[in-house]
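Take a look at the structure below.
The values are calculated or read from the model by the stated rules, or taken from the named source; none is laboratory data. Just so it is clear, the model here is predicted, and its values are computed rather than measured. Heads up, the Cβs are rebuilt from the backbone with ideal geometry, glycines too, and the neighbour counts pull from every protein chain shown. Keep in mind that these areas ignore ligands, DNA and RNA; they rest on the heavy atoms of the full protein, side chains included. Shrake-Rupley method; radii C 1.70, N 1.55, O 1.52, S 1.80 Å.
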Amino acid sequence: MEKLEQLYEGKAKKVFKTSDPNVYIVDYKDDATAGNGAKKGTIAGKGTINNRITNHLMQLLEKHGIPTHFVKELSVCETAVRVVKIVPLEVIVRNIAAGSLAARLGLPEGTKLNSTVLEYCYKDDALGDPMVNEYHIAAMGWATEAELKTIAEMSFKINKVLGDYLKDAGIELIDFKLEFGRDAKNKIILADEISPDTCRFWDIKTKEKLDKDRFRRDLGGVEDAYREVLKRLLGE
Ligand code: TMP
């Protein structure tokens, strides 16, 4: 499969057309941004690591009955994915208070939540991805009620499958962000990536951060943290 014209360049990935109208190729970059583009940098090896981790986790989810856009890993940083129309929402799942939730509610990071929290943000960089609820989503027509029900159910199942799997690798799944799309048959499937860029991963014992917060907060050891996750999940 060959890359044709570039369709899009995002903060962390480029997307290319292929000769198959139902398949795109995603090319992961080492570029990193935080704070909606306010902070910019590169993380050496990130593109490769996020590609490998995402594909590994997408295949795990497929095995557990979650439909995803994954088609085939083409190289260390390139993957063929099913074409979808992206639902313009960032779906955030939280098990432990951290990041913006900890700040918003004045909770110390690491506070256990009594139950899993699901949040939606409208995907719009110019607006800073504002948080929205089911009523905004219905009013704006971003997803139907049935689609949103599917998205919520899939998100909780993904949380269970990933949480159990990561625990065995000594990683606590604090929170993460998902994106969904509609395939050619209008079915909702999981898209985008699942990586240390889009999840908070803490070492179960030491609570050391093994994710992009090391970059966002200038904690150092960014590359090592990404490599550690790759090693624990894929043994590489
Ligand atoms: P937050 O605490 O900053 O709202 O982030 C929650 C989770 O979502 C965290 O695992 C990081 C991820 N995330 C993204 O992947 N992209 C984003 O644009 C944001 C704001 C968060």
Handout entry: Size of charge dipole - the range 185-226 - debye, nearest 20, with Cβ of Lys, Arg +1 and Asp, Glu -1, no other charges
Key = 280
Completion exercise
In whole angstrom, the spacing between the Cα centers of the range 45-107 and the range 182-201 equals 5
Practice task
Using the charge dipole of the range 7-105 (Lys, Arg: +1 at Cβ; Asp, Glu: -1 at Cβ; taken about the Cα centre), state which of N55, N95, G45 has its Cα farthest towards the positive end.
Solution key: N95
Problem - Counting all C-alpha pairs of the range 176-232, share separated by more than 12 Å (%) - result: 69
Practice task
Apply the Debye scattering formula to the range 35-154, with a single equal point scatterer on each alpha-carbon and no solvent, then give log10 I(q)/I(0) at q = 0.10, 0.19, 0.21 Å⁻¹.
Solution key: -0.43, -1.39, -1.38
Practice task
Could you work out the Rg to Rh ratio of the range 136-236, with Rh taken as the Kirkwood radius (inverse of the mean 1/r over all Cα pairs)?
Solution key: 1.06
Problem - Two-decimal Rg to Rh for the chain - Kirkwood Rh, Cα set - result: 0.94
Practice task
Taking all pairs of distinct Cα atoms, average 1/r, flip it, and tell me the Kirkwood hydrodynamic radius of the range 101-192 in Å to one decimal place.
Solution key: 15.2
Fill in the blank from the handout: Compactness summary of the range 98-142: radius of gyration and Dmax from Cα atoms, Å, are 12.9, 36
Practice task
Please report, in Å, the Rg and the Dmax of the range 30-79, where both are computed over Cα atoms only.
Solution key: 13.4, 38
Fill in the blank from the handout: Links exceeding 22 Å between C-alpha atoms in this model, out of K29/K149; K14/K177; K17/K177; K13/K46; K167/K205; K46/K212, come to K29/K149; K17/K177
Problem - Calculated from backbone phi, Karplus (6.51, -1.76, 1.60) coupling profile of the range 16-23 in Hz, x at Gly/Pro - result: 10, 6, 10, 6, 8, x, 9, 10
Practice task
Could you size up the charge dipole of the chain around its Cα centre, putting +1 on the beta carbon of Lys and Arg and -1 on that of Asp and Glu, and report it in debye to the nearest 20?
Solution key: 240
Handout entry: Whole-number percent relative contact order across the range 91-236, with pairs defined as alpha carbons under 8 Å at least 6 apart
Key = 17
Exercise for the section: Compute, for R82, the solvent-accessible surface of its heavy atoms (probe 1.4 Å) with the complete set of protein chains present, and express it in square angstrom to the nearest 10. Expected result: 100
Fill in the blank from the handout: Using a 1.4 Å probe on heavy atoms of the protein chains only, the accessible area for M154 in Å², nearest 10, reads 20
Fill in the blank from the handout: Computed for the range 150-213: size of charge dipole around the Cα centre, +1 on C-beta of each Lys and Arg, -1 on C-beta of each Asp and Glu, debye to nearest 20, value 220
